[in-house]
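The structure appears below as structure tokens.
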């Protein structure tokens, strides 16, 4: 897509200057006001040396300043690297070095997490007086240019930087609007992290659609519940654990008619919650997507949201979906790997030609996830990438945790699986074979220093050997059996 | 835009098979049913020799069969040439030869209007039994490919074929949805010709949005009024003369709340009608566009529809708008030529490299129309291309009529202008300088044989000479003065 477009926020500020762009607990900002703030920020960033084409990291909490920073970098034409502030220092610095970032813009509280780097402290940036705006004329967007990079871990090896173009974000927003519709008075509640595609995609939709965001720093079930009940929120994006908490808050009441879409992503939703939603008339839309597809690529339509419980739906209008098995397209109800195609899909991983090549066949992205289509073409996702653990909506890759465990002196082998967790859906559990005696407490401390909190194993089992197949591949499903037997023993 | 997309109707039929695609007075058809019919038609057209890449004309009245034919040609990958059935035989045949059409698909009633050509009669096509559908697998669309060609006359010379790509139609539909919004239950009433961009663009939106069309063969104020009142129509596209008639039908009542948009295009709307709309709370949206922009490119937003009466609004989200004078961008409130840019704009005229080159500067299309932007960026269109006559929403170019008049023996000079017409807004009037005595009745007959009915001068004034400037250019505004003086004399 070689198409050039006006800067989205600038265009939105010119078309509908007085509509609400952002609402937080402290302030309400129109698109025109937001654009003016972004111009100031872009001008100051330019002053500090940020230039078109540079990779610039953002390590911030959801906030108006974070929104301004993302738009400012897009105006300058820099590539925004969205960093997860829950990562450990070593994880963060690995990504920062890998992505070849020129600057990192951080909330002061996170400044110690980034070592030896060209830091721009958000609080100092916010305090700067506006430099001349003459160097802050927002650039047009070329849909083929990379707008953002987000890291995602794979089944093996180090995390990879997913390249997301302006065209990916644009096509995702358009695909979603053709499914969910659009009303001028729509308000989208954003309580998922802006550093994840689930949050960032809401920001993109806001400027493209001209609708306001109710911006929450984090998900708090009580506060989100009140916003839906009282503030005219029309749509919210959640993961399963949030849905569950919201259902508990809701109790015997129901949402007002202004609330028209509960978009659920980030892993399968237990059927009992879907049934509760149906009973309460909550318009729940399951969806399926990933960082590589710039948010949802398969979503239930309004027509089917309460009829096809458990299905993730059908592809967005510009996208295509197939199930394949050994390279052959499956019949309805036949299981296989989910592959997807379309303009929302990444052009590849930063500096990982091999991994990029391996991920695609004739333009189709191999998701590694298993599923099937029913006779009417509805997708049912059976398993995310066989070993993927989804904990509170965050993807956790066993290989990454195992690699950290193996770096601890005395650990000979390590195998990690997800176990059921009442609150987070799943959490990681580690099986360890030791070469010498080790202290579980010290091992835990070591993990905490190397891994984001949500990746640290919640429990350990020490074993003599790990189940492996003939080619020495770890058999995770055997580990799952062991856990199951243990839990049966307890019952 | 090199992007490839699934065939729109096929995708729509898979995503929302049971939604209504078309409703006529006789039948209601879902997207799935429409797709099946289109497959049959495409298969039969293939059987008859229609192939990818060929130029194939359509000369039909608004009907389900015409809709099927357009989709079938898109499925095959042929380029659809939309022919205006109101044109005279000689006008039609000029276009057919110019566009190098391989086939023309005609309603039987028009078959005599096309001379010596590979005709496919619609009625015969409809009666064909389905050939094997195996050769009717719908092609993917490449957004850069030409989907349709529509002829438009210019200020000088012969009509030119405007190339409209899939990307133009796609971007137009997307630009419109981001302005007007989208609700699953929207129904768009189509009573403008499908051979004009105003009608065709509704068809494109229908499959892209998944909303139904209420398809009328022609505009009949009583029938359209009833449809808006009783049938849940949400949106209608009209030209001024239709708006006027609808206001008369409406009388003292008002439309139901389900009716949310009266989209007015095809020339300026007299302010008195806009005021009437405002008084009755009719959501009227003035817009501005042309064949070269694949429908509206500037439209009022819902926020401003009743606040900025007389303005055509702001550009669609992906589009840009400037007023220029001698190549310099004008200040607010300064008059100049309207120039537009964006993905809805044609890549040029069929086989007219010079005309294409002349129409663009750095990607900006020169519309030839005059206007200004107010301080808030709202467009006010002052005059369509100085000599353009808009009669009942049809563009009439004086040069074309003059060229016909000059071909009549005894006519030495001819000058055509638009005069006020109570019903059609404007109608053409001819000034004639004769070399010998001629019969006005014979001249009229001659015009009728060469020109579409709406282009035939409604009246003639015979004069000794035409007002011209030093370089012998006809001064049309002097002709307008003569008419004005005559009408003042009468008062």
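Residue check: is residue B:389 touching a helix residue (DSSP H, G or I) at 6+ places or on another chain (Cβ under 7 Å), away from chain A (no Cβ under 14 Å) and within 30 Å of residue B:218 (Cα to Cα)?
yes
Go over the candidates B:276, B:286 one by one and state the one that is in contact with a helix residue (DSSP H, G or I) (Cβ under 9 Å, 6 or more places away or on another chain), at negative phi, part of a helix (DSSP H, G or I) and assigned by TED's automatic domain parsing to the domain that holds residue B:359.
B:276
Looking at the stretch A:407-441, which of its residues are farther than 28 Å from residue A:266 by Cβ and free of Cβ contacts under 8 Å to residues at least 24 places away in the same chain?
A:412, A:439, A:440, A:441
Consider the stretch B:1-53. How many of its residues are within 11 Å of residue B:207 (Cβ to Cβ), in a loop (DSSP other than H, G, I, E, B) and away from chain A (no Cβ under 14 Å)?
Number satisfying all stated conditions: 0.
Does residue A:224 fit the bill of being in contact (Cβ under 8 Å) with a residue 40 or more places away in the chain and farther than 23 Å from residue A:380 by Cα?
Judged against the criteria, residue A:224 is not a match.
If residue B:309 meets every condition in (1) at pLDDT below 95; (2) under 30 Å from residue B:261 (Cβ atoms); (3) touching a strand residue (DSSP E or B) at 6+ places or on another chain (Cβ under 6 Å) apart from one, which number is that one?
(3)
One line per residue, one yes/no per condition, for (1) under 19 Å from the mean Cα position of the chain (by Cα); (2) surrounded by fewer than 22 Cβ atoms within 10 Å (Cβ to Cβ); (3) within 14 Å of chain B (Cβ to nearest Cβ):
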{"position": "A:280", "(1), (2), (3)": "no, yes, no"}
{"position": "A:286", "(1), (2), (3)": "yes, no, no"}
{"position": "A:292", "(1), (2), (3)": "yes, no, no"}
{"position": "A:301", "(1), (2), (3)": "no, yes, yes"}
{"position": "A:308", "(1), (2), (3)": "no, yes, yes"}
{"position": "A:314", "(1), (2), (3)": "no, no, yes"}
{"position": "A:317", "(1), (2), (3)": "no, no, yes"}
{"position": "A:325", "(1), (2), (3)": "no, yes, no"}
{"position": "A:333", "(1), (2), (3)": "no, yes, no"}
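Here's a check for you: in the stretch A:145-156, which residue that is part of a loop (DSSP other than H, G, I, E, B) and modelled with pLDDT under 95 is farthest from the chain's Cα centre (by Cα)?
Selected residue: A:156.
Conditions tested, residue by residue: (1) under 25 Å from residue A:185 (Cβ atoms); (2) surrounded by fewer than 24 Cβ atoms within 10 Å (Cβ to Cβ); (3) touching a residue at least 60 places away in the same chain (Cβ under 8 Å); (4) away from chain A (no Cβ under 14 Å).
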position	(1), (2), (3), (4)
B:150	no, no, yes, yes
B:159	no, yes, yes, yes
B:163	no, yes, yes, yes
B:167	no, no, yes, no
B:175	yes, no, yes, no
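For the stretch B:71-80, which positions are over 18 Å from residue B:20 (Cα atoms) and not in a strand (DSSP E or B)?
Matches in the stretch B:71-80: B:72, B:73, B:74, B:75, B:76, B:77, B:78.
Tell me, yes or no, whether the stretch B:199-209 has at least one residue that is in contact with a strand residue (DSSP E or B) (Cβ under 7 Å, 6 or more places away or on another chain) and at pLDDT below 90.
no
In this structure, is residue B:136 more than 14 Å from chain A (Cβ to nearest Cβ), surrounded by 21 or more Cβ atoms within 10 Å (Cβ to Cβ) and modelled with pLDDT under 95?
Yes; evaluated as a whole, the condition is true for this residue.
Among the numbered criteria (1) in contact with a strand residue (DSSP E or B) (Cβ under 6 Å, 6 or more places away or on another chain); (2) at pLDDT below 95; (3) closer than 30 Å to residue B:5 by Cβ, which single criterion is violated by residue B:277?
Result: residue B:277 fails condition (3) only.
Being more than 25 Å from the chain's Cα centre (by Cα), farther than 18 Å from residue A:123 by Cβ and assigned by TED's automatic domain parsing to the domain that holds residue A:209 is true for just one of A:53, A:49. Which residue is that?
After applying the criteria, what remains is A:49.
The values are calculated or read from the model by the stated rules, or taken from the named source; none is laboratory data. This structure is a prediction, so every number in the text was calculated from the model and none was measured. So basically every Cβ, Gly included, is an ideal-geometry build from the backbone, and we count neighbours across all protein chains shown.
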